[in-house]
Amino acid sequence: MTTSFCVVGSPIERSLSPVLHSAAYEYLGLDFAYEKNEVPTGALRDFLSASALSGVSVTMPLKTEAYDLAASHDQDSLTTGVSNTLVKSNDAWKGFNTDVYGICQALANVSEPDVTVVIGSGATARSGIAALSKLFPKTEVLVVSRNQVAGNDLEQLARRLGLSASESTATVQTLLAANLVMSLVPAGSYAELWDEIKRSSNSRSGTLFDVAYNPWPSQAGLAWSPSTVISGIEMLIWQAIEQIQLFVSANAGIGEVDRNALYGVMKAAVSSK
């Protein structure tokens with residue numbers, strides 16, 4: 001009997017999650033089906049009630065909604081107040097945040113930065129702050145946000161997690177002076193800033209992690225030095241691997257999956273797209 005999963009969000013048509021998950025389940029030899037469904041803000045509860053799903057990947061703008069619907073949460077969900085993964089347990093949902101793990105893996109080879117600029121203040125930015133607190137607890141965090149209230153909330157979250165944090169402005173000087181820049185906003189955001197950086201003759205010595213991945217290179221990626229850019233596809237793959245571990249543990253009785261093997265299979269699957 002096929003076990004069903006899906007990814008939900010809006011917009012959802014360009015999601016690569018079905019490609020990643022389907023490749024992984026084929027490799028693992030599991031009769032798991034994985035699809036995508038357009039679910040707008042406010043409709044997640046009704047969608048889940050009408051479904052026979054065993055697990056759900058959650059993308060924008062539903063991660064806070066998913067957190068609120070979950071009956072229990074893992075620590076990263078509790079820390080950030082968002083869930084990007086729901087696993088069915090009896091008649092309730094368990095909420096998880098695998099984005100934190102995905103960001104940690106994407107930045108695993110980055111040296112601890114003195115200064116990190118975090119662009120954005122939404123759900124992914126909250127996961128980014130949680131990841132920074134685990135990876136680079138001594139870094140100074142500068143929060144760049146167009147939403148003053150959300151930016152202040154993100155700054156306070158960083159401080160609660162033991163990070164030195166303050167709000168900053170989106171300028172070329174701010175970004176180019178940082179050791180690490182984390183662009184945790186949708187593709188196309190801050191277009192004028194990236195154009196200005198692209199025209200700048202100043203050195204781009206820091207690392208840029210851009211959560212955007214479709215299309216790639218992104219506008220931010222094109223403005224930076226190619227050798228110091230990390231694509232959001234890395235986070236996407238690694239957070240999906242953590243989701244797959246949760247799904248197969250709950251529904252197939254499988255213990256630890258071979259994460260490196262899955263990474264190779266999944267990276268090959270999206271590289272052909």
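The values are calculated or read from the model by the stated rules, or taken from the named source; none is laboratory data. Here the structure is a predicted model, which is why all the values come from computation and not from measurement. Glycine gets a Cβ as well: all are built from the backbone with ideal geometry, and neighbour counts include every protein chain shown.
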Legend entry - Residue, surrounded by the most Cβ atoms within 10 Å (Cβ to Cβ), within segment 106-118, restricted to residues that are within 18 Å of GLY232 (Cβ to Cβ) and either in contact with a His (Cβ under 6 Å, 6 or more places away or on another chain) or hydrophobic (A, V, I, L, M, F, W, C) (or both): VAL118
Inset, instruction - Any chance you could count how many residues in segment 217-248 are polar (S, T, N, Q), over 16 Å from ASN97 (Cα atoms) and either free of Cβ contacts under 8 Å to residues at least 24 places away in the same chain or in a helix (DSSP H, G or I) (or both)? - result: 5
Legend entry - Filter result for ALA165 (within 18 Å of the chain's Cα centre (by Cα) and buried (at least 17 other Cβ atoms within 10 Å of the Cβ)): no
Legend entry - Residue identified as among the polar types (S, T, N, Q), buried (at least 22 other Cβ atoms within 10 Å of the Cβ) and not assigned by TED's automatic domain parsing to the domain that holds THR139 among GLN239, GLN245: GLN239
Inset, instruction - Mind listing just one residue for me: the one in segment 206-216 that is part of a loop (DSSP other than H, G, I, E, B) and at pLDDT 95 or above and, of those, nearest to ILE103 (Cα to Cα)? - result: VAL211
Legend entry - Per-region count, segment 28-50, residues surrounded by 17 or more Cβ atoms within 10 Å (Cβ to Cβ) and over 24 Å from VAL211 (Cβ atoms): 5
Inset, instruction - Go through (1) outside the structural domain of ALA125 (by TED's automatic domain parsing); (2) within 16 Å of the chain's Cα centre (by Cα) one by one and return the number of the condition ASP210 breaks. - result: (1)
Inset, instruction - Answer with yes or no whether SER121 is at pLDDT 95 or above, assigned to a loop (DSSP other than H, G, I, E, B) and crowded, with 20+ Cβ neighbours inside 10 Å. - result: yes
Legend entry - Residue tally, condition of a type in the set (Val, Ile, Thr) and assigned to a strand (DSSP E or B), over segment 124-153: 3
Legend entry - Residues of segment 1-27 classified as of a type in the set (A, V, I, L, M) and surrounded by fewer than 22 Cβ atoms within 10 Å (Cβ to Cβ), total: 5
Legend entry - Condition check for ALA50: under 18 Å from PHE5 (Cβ atoms) and either in the same structural domain as LEU184 (by TED's automatic domain parsing) or without any contact (Cβ under 8 Å) to a residue 24 or more places away in the chain (or both): yes
Legend entry - Selected residue [on the phi < 0 side of the Ramachandran plot, surrounded by fewer than 20 Cβ atoms within 10 Å (Cβ to Cβ) and of a type in the set (A, V, I, L, M, F, W, C)] from ALA220, ALA178, ALA261: ALA261
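Here is a yes/no grid of residues against (1) more than 25 Å from GLU242 (Cα to Cα); (2) touching a Lys or Arg at 6+ places or on another chain (Cβ under 7 Å); (3) in contact (Cβ under 8 Å) with a residue 40 or more places away in the chain:
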| position | (1), (2), (3) |
| --- | --- |
| GLU65 | no, no, no |
| ASP91 | no, no, no |
| ASN97 | no, no, no |
| SER145 | yes, no, no |
| LEU154 | no, yes, no |
Inset, instruction - Quickly run through segment 86-105 and pick out the residues that are surrounded by fewer than 24 Cβ atoms within 10 Å (Cβ to Cβ) and not in a strand (DSSP E or B). - result: ASN90, ASP91, TYR101, CYS104, GLN105
Legend entry - Extreme residue, surrounded by the fewest Cβ atoms within 10 Å (Cβ to Cβ), among residues of segment 125-146 that are touching a helix residue (DSSP H, G or I) at 6+ places or on another chain (Cβ under 9 Å) and more than 26 Å from SER200 (Cβ to Cβ): LYS134
Legend entry - Among (1) of a type outside the set (Gly, Ala, Ser); (2) in contact (Cβ under 8 Å) with a residue 24 or more places away in the chain; (3) not in a strand (DSSP E or B), the one test that VAL181 misses: (3)
